[in-house]
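Undergrad: Sharing a structure, written as structure tokens. Questions coming.
The values are calculated or read from the model by the stated rules, or taken from the named source; none is laboratory data. These numbers come from a predicted model, not from an experiment. Using ideal geometry, Cβ is built from the backbone for each residue, glycine included, and neighbour counts are taken over all protein chains shown.
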Amino acid sequence: MTTPSEWHRVVAESFGDRVRGVRDWDAPAPVDGWVACDVVDHLVTWLPGFLSAGGVELGPVPPVADDPVAAWQAHADHVQVLLESLRAEQDFTHPHAGTRPLGKVVEDFYVADVFMHTWDLARASGQADLLDPEYCAALLRGMQPIEDVMRSSGQYGPAVAVPEDAPVQHRLLGFIGRDPAWRRPR
């Protein structure tokens, strides 16, 4: 069993590898209306606001539009420091997350998001897009019972139908509203 800080390190490094591999930041991404740069911007901007609502601040990062690689690295470093601190074990209260240890909240909401968006960035940039199948299965198991809440949040599109015997990564992607067959336009 890994800790939130250990799992964040693995997932953030994997995403960071994709960030460093992007050659065209304006390439379309699988999220409707997004380009590759938007995937990084989303991850770098939503977590600070989420944490701030519970009284936790992250350090500053360079603007994503100026340098997506530097912005991602600075952001990932700030999150890693937070997760390795004693603060990660303390309770964190947020209107949408309730009250739980901060590290667990970051792992459940944010690290899972980074993991899923790794596929988006990989597809947008033509890089390797294989995700850890065990974590795909765990996320899918955890999200299926709260599907109505997820869809009503506006953060997930309608499910994309995939065969029941499809690989678990495809089933997860379809569940969160991605077409596993999506390819960037030429």
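Undergrad: Listed residues Leu121, Leu47, Leu43, Leu82; which is assigned to a helix (DSSP H, G or I) and modelled with pLDDT under 95?
TA: Leu47
Undergrad: Could you grab me the full set of residues in segment 50-71 that are assigned to a helix (DSSP H, G or I) and at pLDDT 95 or above?
TA: Hits for segment 50-71 are Pro68, Val69, Ala70, Ala71.
Undergrad: Can you confirm whether Pro145 is more than 20 Å from Val44 (Cβ to Cβ) and not in a helix (DSSP H, G or I)?
TA: Answer is no for this residue.
Undergrad: Okay, moving on. Would you confirm, using the coordinates I've provided, whether Gly103 is on the phi > 0 side of the Ramachandran plot, surrounded by 15 or more Cβ atoms within 10 Å (Cβ to Cβ) and more than 13 Å from the chain's Cα centre (by Cα)?
TA: No, not satisfied.
Rundown of residues vs (1) surrounded by 14 or more Cβ atoms within 10 Å (Cβ to Cβ); (2) more than 18 Å from the chain's Cα centre (by Cα); (3) more than 24 Å from Gly126 (Cα to Cα), yes/no style:
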| position | (1), (2), (3) |
| --- | --- |
| Trp34 | yes, no, no |
| Gly49 | no, no, yes |
| Gly55 | no, yes, yes |
| Gly59 | no, yes, yes |
| Val64 | yes, no, no |
| Pro68 | yes, no, no |
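Undergrad: Could you pull out the residue among Val44, Val40, Val10 that is without any contact (Cβ under 8 Å) to a residue 40 or more places away in the chain and either crowded, with 19+ Cβ neighbours inside 10 Å or touching a Leu at 6+ places or on another chain (Cβ under 9 Å) (or both)?
TA: Val44
Undergrad: For Leu86, state whether it is in contact with a helix residue (DSSP H, G or I) (Cβ under 7 Å, 6 or more places away or on another chain) and either more than 21 Å from Asp26 (Cβ to Cβ) or small (Gly, Ala, Ser) (or both).
TA: Criteria not met by Leu86.
Undergrad: Take the conditions on the phi > 0 side of the Ramachandran plot, surrounded by fewer than 16 Cβ atoms within 10 Å (Cβ to Cβ) and in contact (Cβ under 8 Å) with a residue 12 or more places away in the chain and apply them to Gly157. Does it pass?
TA: Considered against the rule, which asks whether it is on the phi > 0 side of the Ramachandran plot, surrounded by fewer than 16 Cβ atoms within 10 Å (Cβ to Cβ) and in contact (Cβ under 8 Å) with a residue 12 or more places away in the chain, Gly157 comes out as no.
Undergrad: Additional query: Which ones in segment 91-100 are modelled with pLDDT under 90 and either touching a helix residue (DSSP H, G or I) at 6+ places or on another chain (Cβ under 9 Å) or crowded, with 18+ Cβ neighbours inside 10 Å (or both)?
TA: His94, His96, Ala97, Gly98, listed by residue number.
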